[in-house]
Amino acid sequence: MARAVTTRRKIINTVAAWSVALILFFPILWTILTSFKPEAQAVSSPPVFLAFDWTLQNYIDVNEQRNYLKFFWNSVIIAVGSTLLGLVIAIPAAWSMAFVPGKRTKDLLMWMLSTKMMPAVGVLVPIYLIFKSLGLLDTRVGLVVVLTLMNLPIIVWMLYTYFKEIPGEILEAARMDGANLRAEILYVLTPMAVPGIASTVLLNIILAWNESFWTLNLTVTDAAPLTKFISSFSSPQGLFYAKLSAASTMAIAPILIMGWFSQKQLVRGLTFGAVK
Amino acid sequence: MSTQSSRATARLMLSPTVILLLIWMIVPLALTLWFSTQRYNLLYPDRQGFNDFANYTRFIATPAFTAAIINTLVLVLGVLVITVVLGILIALLIDQPLWGQGPVRILVISPFFIMPPVAALIWKNMFMNPTNGLFAEAAKYLGLPPFDFLGAAPLASIILIVAWQWLPFATLILLTALQSLSSEELEAAEMDGAPPVKRFWYIMLPHLARSITVVVLIQTIFLMGIFGEILVTTNGGPGSASTTLPFLIYKEALLDFDAGTAAAGGVVAVIIANIVAIFLMRAIGKNLDA
Amino acid sequence: MGQITLKQVRKSFGDVHVIPGVDLRIEEGEFVVFVGPSGCGKSTLLRLIAGLEDTTSGTIEIDGKDATYLPPAKRGLAMVFQSYALYPHMSVRKNIAFPLKMAGLDQAEIDRKVEGAAKVLNLNSYLDRRPGQLSGGQRQRVAIGRAIVRSPQAFLFDEPLSNLDAALRVNMRLEISELHQKLKTTMIYVTHDQVEAMTMADKIVVLQAGRIEQVGTPMELYKTPANVFVAGFIGSPKMNLIAGAEAAKHGATTIGIRPEHVQVSATSGLWQGRVGVSEHLGSDTFLHVTTDMGLLNVRAGGDVALYHGDTVWLTPDLAHLHRFDAKGLAIR
């Protein structure tokens with residue numbers, strides 16, 4: 001709403017909005033700051049905000065104890081892999097539901113979404129046993145498969161809502177122009193849906209990156225992603241706030257930075273395409 | 001609006017998704033059902049066999065069972081109420097003319113990117129810890145005794161942490177919806193003499209109904225499975241004060257190694273999830289033009 | 001090339017019979033217009049010919065070959081859509097080239113043909129723009145360019161002008177007619193606007209509720225409408241339809257007389273009436289006259305000085321009187 005307001009009103013708005021934003025952001029800011037403190041200053045009373053002895057020692061220590069890069073690559077492979085695999089399966093499904101809708105399309109979509117309501121913990125034991133017998137425990141392939149299935153309903157739903165915004169006449173025009181189904185999806189639908197697909201990809205990378213049930217329960221070391229990395233800090237170990245902060249910062253930084261840079265597409269994706 | 005061949009193609013292209021999800025749903029569920037009727041303890045693998053519904057009766061008879069159901073409901077509803085109400089307020093605020101809307105938006109969205117174990121650990125150690133946490137420091141500064149958040153009010157503390165993670169989601173969806181409201185509609189209402197509160201109640205809120213639906217639907221899906229935050233912060237305690245249904249099952253399975261009872265719990269959880277799902281889809285599925 | 005025959009073509013959506021059974025023969029090089037009120041099934045019929053919908057039963061032949069079960073891509077037809085349906089992510093050049101690319105032509109050939117089509121349609125200076133940067137008329141031309149570039153057996157137009165403003169519509173109407181003169185390719189054109197039908201068609205097919213009411217040249221439909229529906233639909237302003245005693249005098253259930261076939265006089269005549277609204281256009285004057293038989297529309301000369309409230313006498317030109325029986329069919 002571009003409505004004219006008095007400068008005074010705008011100043012009040014600005015102060016209020018920034019206050020709220022900073023309160024919400026403060027835990028993250030505090031963690032990042034603490035990660036640069038010596039352990040003793042991390043728990044000093046009263047707390048120090050900026051006037052501490054800045055150090056990178058915590059990052060060095062954490063990296064020596066645990067090989068950050070290995071966890072990082074596992075996270076990247078699992079998040080990106082499951083998202084891309086999901087996309088390949090979901091694009092044809094979303095095409096079908098968006099452009100050849102049937103009477104049961106809506107029910108089908110709701111059913112897909114409802115599979116996400118299944119409590120993961122309820123099927124943990126069987127999945128664990130299946131994975132064990134297939135040799136998928138603690139493998140990246142296994143996690144990619146699980147996370148793909150976990151997020152498939154969301155990918156399908158998001159793509160479906162984006163595809164539905166594309167007029168069917170354009171696809172019919174492509175058909176009249178001699179395009180077969182492959183050409184229609186590859187040259188017409190996909191390029192037109194790029195913004196929507198980008199949002200879908202971003203959101204799913206975030207969901208997969210942060211998924212912390214299956215990643216914790218189905219990995220030990222080889223395929224362990226950053227969720228596992230950070231969980232090893234869950235029991236207190238003497239003075240450890242600064243190291244915990246450094247580890248936390250390393251775990252969240254990649255996705256935080258990606259999120260900030262792709263904010264626009266992401267906000268669109270966050271709404272799951274359901275809010276225009 | 002289609003031909004037979006395109007309908008056939010559509011079915012073909014839909015089938016991988018449907019088949020994969022069916023397998024993903026049915027196979028583990030069938031196994032869980034099977035285990036739930038078996039004597040099956042991981043510590044005593046030799047004791048096996050059918051044991052009627054003993055696992056179910058044992059699971060339901062667990063003293064923590066009723067508490068777990070209530071805790072799950074309180075957690076889900078608590079987070080939903082907090083995020084929707086605060087989300088609307090913050091969205092209304094950010095939607096006002098102000099300097100730096102972009103950076104504000106980035107700051108507000110940030111908690112959504114934080115993985116649950118990190119969020120839980122930060123809050124548990126650096127904020128809620130009764131000796132070194134920032135909240136304790138603040139209490140000391142005000143001359144108050146420090147409050148042991150996770151010990152004295154575990155469920156409320158977890159609700160706070162989870163609400164912090166999901167507030168950005170609610171805020172941004174509602175903000176997007178607010179921004180799509182045409183200013184003409186509001187101006188017309190203003191011309192008709194509606195004061196701000198009435199404009200909010202009669203024009204903005206109905207406009208937001210659909211997005212609130214989306215927020216409730218998506219958040220419920222994720223909140224029903226909240227697990228990592230509890231594991232890292234309270235481990236379900238003290239006692240069973242912060243044990244939710246998923247966490248109770250987890251305790252049975254991995255702490256007591258009783259896979260049979262855990263499976264029975266899993267079946268109970270699936271049934272409850274289905275009740276909630278049916279209720280949700282019925283209640284708000286219509287609101288989505290899906 | 002470009003002869004299309006429909007034999008007993010039917011289309012149902014569930015229990016709804018949109019097209020209850022149509023027989024039609026479209027000759028090579030003809031400009032055929034499907035016209036009718038909205039919901040009459042004209043667009044569905046076009047989509048059946050295009051192959052975008054299945055026929056429930058019956059056959060569609062293109063150049064004597066059964067095309068009923070061919071996919072749209074294999075029918076050799078080109079279509080211009082109401083929304084233009086341009087590919088928004090491609091330049092004008094790529095839009096026009098798309099069907100050629102799909103046909104697997106080599107790049108040099110594609111370039112040559114695209115340039116040729118662009119020249120015909122005056123699009124040369126826009127070739128590297130995106131559709132979003134073009135005006136409605138230009139987009140329409142691109143859509144036509146995309147259709148003509150691959151020399152189809154026939155062109156299908158689905159209400160192509162309905163999104164244009166009135167002035168542009170007249171221009172595009174002329175351009176499409178000229179294009180037809182130049183290409184001599186079969187064209188099937190769907191519209192709800194009977195003016196477009198009258199001005200462009202070699203042959204008009206009037207449809208109502210999925211049935212063909214009449215097929216003929218514009219003048220045949222104007223002069224000898226087969227039934228009350230066609231009589232009322234073709235011609236502007238609408239033909240006056242009079243039932244009751246006056247019709248019985250002529251041995252009919254309903255009689256029809258076009259506004260231009262009624263004489264107006266301020267002094268004497270057959271039917272007396274009072275002028276309601278009078279529309280003075282300069283070239284013509286349209287009078288809405290209230291009579292005992294209801295409201296009649298009359299076309300008079302440009303300088304007729306009759307105004308609201310004046311009493312007038314009307315005399316129909318009996319040579320142009322149309323008579324219809326109880327079923328609404330013309331009595332010849």
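Any residue in the range C:294-310 that's in the same structural domain as C:Thr254 (by TED's automatic domain parsing) and modelled with pLDDT of 85 or more: show its pairings with residues that are surrounded by fewer than 18 Cβ atoms within 10 Å (Cβ to Cβ) and outside any strand (DSSP E or B) at Cβ separation under 8 Å, as long as the two are six or more apart or on different chains.
If the second residue must be surrounded by fewer than 18 Cβ atoms within 10 Å (Cβ to Cβ) and outside any strand (DSSP E or B), the pairs left are C:Asn297/C:Pro237; C:Asn297/C:Lys238; C:Arg299/C:Pro237; C:Arg299/C:Glu260; C:Leu306/C:Ala266; C:Asp310/C:Ala266.
Exactly one of these conditions fails for C:Val142: (1) under 19 Å from C:Ala85 (Cα atoms); (2) open to solvent by 10 Å² or more (accessible area, probe 1.4 Å); (3) modelled with pLDDT of 90 or more. Give me its number.
Condition not satisfied by C:Val142: (2).
Check off (1) among the charged types (D, E, K, R); (2) surrounded by fewer than 15 Cβ atoms within 10 Å (Cβ to Cβ); (3) outside any helix (DSSP H, G or I) for C:Glu109 and give me the number that stays unchecked.
Of the numbered conditions (1) among the charged types (D, E, K, R); (2) surrounded by fewer than 15 Cβ atoms within 10 Å (Cβ to Cβ); (3) outside any helix (DSSP H, G or I), the odd one out for C:Glu109 is (3).
Spot the failing condition for A:Ala42; the list is (1) touching a Phe, Trp or Tyr at 6+ places or on another chain (Cβ under 6 Å); (2) more than 30 Å from B:Asn132 (Cα to Cα); (3) of a type in the set (Gly, Ala, Ser), and only one is missed.
(2)
Of the residues C:Thr68, C:Thr44, C:Thr56, which single one is among the β-branched types (Val, Ile, Thr), surrounded by fewer than 17 Cβ atoms within 10 Å (Cβ to Cβ) and either in the same structural domain as C:Gln133 (by TED's automatic domain parsing) or touching a residue at least 12 places away in the same chain (Cβ under 8 Å) (or both)?
C:Thr56
Would you mention how many residues in the range A:71-82 are surrounded by 16 or more Cβ atoms within 10 Å (Cβ to Cβ), away from every other protein chain (no Cβ under 14 Å) and of a type outside the set (Val, Ile, Thr)?
Matching residues across the range A:71-82 total 1.
Look through the range A:224-246, keep the residues that are assigned to a loop (DSSP other than H, G, I, E, B) and free of Cβ contacts under 8 Å to residues at least 24 places away in the same chain, and return whichever of them is surrounded by the fewest Cβ atoms within 10 Å (Cβ to Cβ).
Looking at residues that are assigned to a loop (DSSP other than H, G, I, E, B) and free of Cβ contacts under 8 Å to residues at least 24 places away in the same chain, I get A:Gly238.
Could you run through the range B:226-241 and say how many residues are buried (at least 20 other Cβ atoms within 10 Å of the Cβ) and more than 16 Å from B:Leu255 (Cα to Cα)?
3
Please determine, by comparing only the residues of the range C:78-88 that are at the interface with chain A (Cβ under 7 Å from one of its Cβ atoms) and over 22 Å from C:Asp128 (Cβ atoms), which one is surrounded by the fewest Cβ atoms within 10 Å (Cβ to Cβ).
C:Ser83
Only one residue in B:Phe112, B:Phe135 is crowded, with 19+ Cβ neighbours inside 10 Å, part of a helix (DSSP H, G or I) and more than 7 Å from every other protein chain (Cβ to nearest Cβ). Which one?
B:Phe112
For the range A:89-113, which positions are open to solvent by 30 Å² or more (accessible area, probe 1.4 Å), under 23 Å from B:Leu245 (Cβ atoms) and at the interface with chain B (Cβ under 7 Å from one of its Cβ atoms)?
Within the range A:89-113, no residue meets the criteria.
So, restricting to helices (runs of 4 or more DSSP H) that lie completely within the range B:190-256, which ones have at least 3 residues that are touching a helix residue (DSSP H, G or I) at 6+ places or on another chain (Cβ under 7 Å), of a type in the set (A, V, I, L, M, F, W, C) and within 11 Å of chain A (Cβ to nearest Cβ)?
Hits in the range B:190-256: B:205-223, B:245-250.
Select from the range C:264-322 the residues that are over 22 Å from C:Ala252 (Cα atoms) and among the aromatic types (Phe, Trp, Tyr) and list them in ascending order.
If the condition is that a residue be over 22 Å from C:Ala252 (Cα atoms) and among the aromatic types (Phe, Trp, Tyr), then C:Phe286, C:Tyr307, C:Trp313 are the ones that fit.
Among all residue pairs at least 6 apart or on different chains, which show Cβ distances below 7 Å where the first residue, located in the range A:18-37, is more than 7 Å from chain B (Cβ to nearest Cβ) and the second is open to solvent by 10 Å² or more (accessible area, probe 1.4 Å) and not in a helix (DSSP H, G or I)?
What qualifies is A:Phe36/A:Trp54; A:Phe36/A:Thr55; A:Lys37/A:Phe52.
So that you can scan it fast, the table gives a plain yes or no per residue for (1) of a type in the set (D, E, K, R); (2) in contact with a helix residue (DSSP H, G or I) (Cβ under 9 Å, 6 or more places away or on another chain); (3) open to solvent by 90 Å² or more (accessible area, probe 1.4 Å):
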residue: A:Lys37; (1), (2), (3): yes, yes, no
residue: A:Gln41; (1), (2), (3): no, yes, no
residue: A:Ser44; (1), (2), (3): no, no, no
residue: A:Pro47; (1), (2), (3): no, yes, no
residue: A:Leu50; (1), (2), (3): no, yes, yes
residue: A:Asp53; (1), (2), (3): yes, yes, yes
residue: A:Tyr59; (1), (2), (3): no, yes, no
residue: A:Arg66; (1), (2), (3): yes, yes, no
residue: A:Leu69; (1), (2), (3): no, yes, yes
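Does the range C:22-42 include one or more residues that are among the β-branched types (Val, Ile, Thr), within 14 Å of chain B (Cβ to nearest Cβ) and within 27 Å of A:Val100 (Cα to Cα)?
No; the residues of the range C:22-42 include none that is among the β-branched types (Val, Ile, Thr), within 14 Å of chain B (Cβ to nearest Cβ) and within 27 Å of A:Val100 (Cα to Cα).
Out of curiosity, is B:Trp164 at the interface with chain A (Cβ under 9 Å from one of its Cβ atoms) and within 18 Å of the chain's Cα centre (by Cα)?
yes
Need pairs with beta-carbon distance below 8 Å; first residue assigned by TED's automatic domain parsing to the domain that holds C:Leu77 and within the range C:100-112, second among the charged types (D, E, K, R); sequence gap 6+ or separate chains.
Going by the 8 Å Cβ cut-off, the qualifying pairs are C:Leu100/C:Glu109; C:Leu100/C:Lys113; C:Leu100/C:Arg150; C:Met102/A:Asp177; C:Ala103/C:Arg150; C:Leu105/C:Lys113; C:Ile110/C:Lys101.
Of all residues in the range B:115-132 being open to solvent by 10 Å² or more (accessible area, probe 1.4 Å) and touching a residue at least 40 places away in the same chain (Cβ under 8 Å), which is nearest to A:Gln237 (Cα to Cα)?
B:Lys124
Might you let me know whether the range B:18-34 holds any residue that is over 20 Å from the mean Cα position of the chain (by Cα), more than 7 Å from every other protein chain (Cβ to nearest Cβ) and not in a helix (DSSP H, G or I)?
no
Has the range A:85-95 got at least one residue that is farther than 26 Å from B:Pro111 by Cβ, in a helix (DSSP H, G or I), without any contact (Cβ under 8 Å) to a residue 40 or more places away in the chain and under 26 Å from the mean Cα position of the chain (by Cα)?
Yes, that holds for at least one residue.
Taking the range C:9-52 as the region of interest, how many residues are under 14 Å from C:Leu156 (Cα atoms) and over 18 Å from the mean Cα position of the chain (by Cα)?
Counting residues in the range C:9-52 that are under 14 Å from C:Leu156 (Cα atoms) and over 18 Å from the mean Cα position of the chain (by Cα) gives 3.
Considering the range C:174-198 alone, what residues qualify as being open to solvent by 50 Å² or more (accessible area, probe 1.4 Å) and either over 28 Å from C:Val18 (Cβ atoms) or aromatic (Phe, Trp, Tyr) (or both)?
Those that are open to solvent by 50 Å² or more (accessible area, probe 1.4 Å) and either over 28 Å from C:Val18 (Cβ atoms) or aromatic (Phe, Trp, Tyr) (or both): C:Leu174, C:Glu175, C:Glu178, C:Gln181, C:Lys182, C:Leu183, C:Lys184.
Only residues that are open to solvent by 20 Å² or more (accessible area, probe 1.4 Å) and in contact (Cβ under 8 Å) with a residue 24 or more places away in the chain: list them for the range B:89-105, please.
B:Leu92, B:Arg105
Given the criteria open to solvent by 10 Å² or more (accessible area, probe 1.4 Å) and within 13 Å of A:Leu149 (Cβ to Cβ), does A:Leu85 qualify?
Considered against the rule, which asks whether it is open to solvent by 10 Å² or more (accessible area, probe 1.4 Å) and within 13 Å of A:Leu149 (Cβ to Cβ), A:Leu85 comes out as yes.
The values are calculated or read from the model by the stated rules, or taken from the named source; none is laboratory data. It should be emphasised that the depicted structure is a prediction, and the values quoted were computed from it without experimental measurement. Virtual Cβ from ideal backbone geometry, glycine too; neighbours counted across all protein chains shown. Side chains included, ligands, DNA and RNA excluded: accessible areas come from the protein's heavy atoms. Shrake-Rupley method; radii C 1.70, N 1.55, O 1.52, S 1.80 Å.
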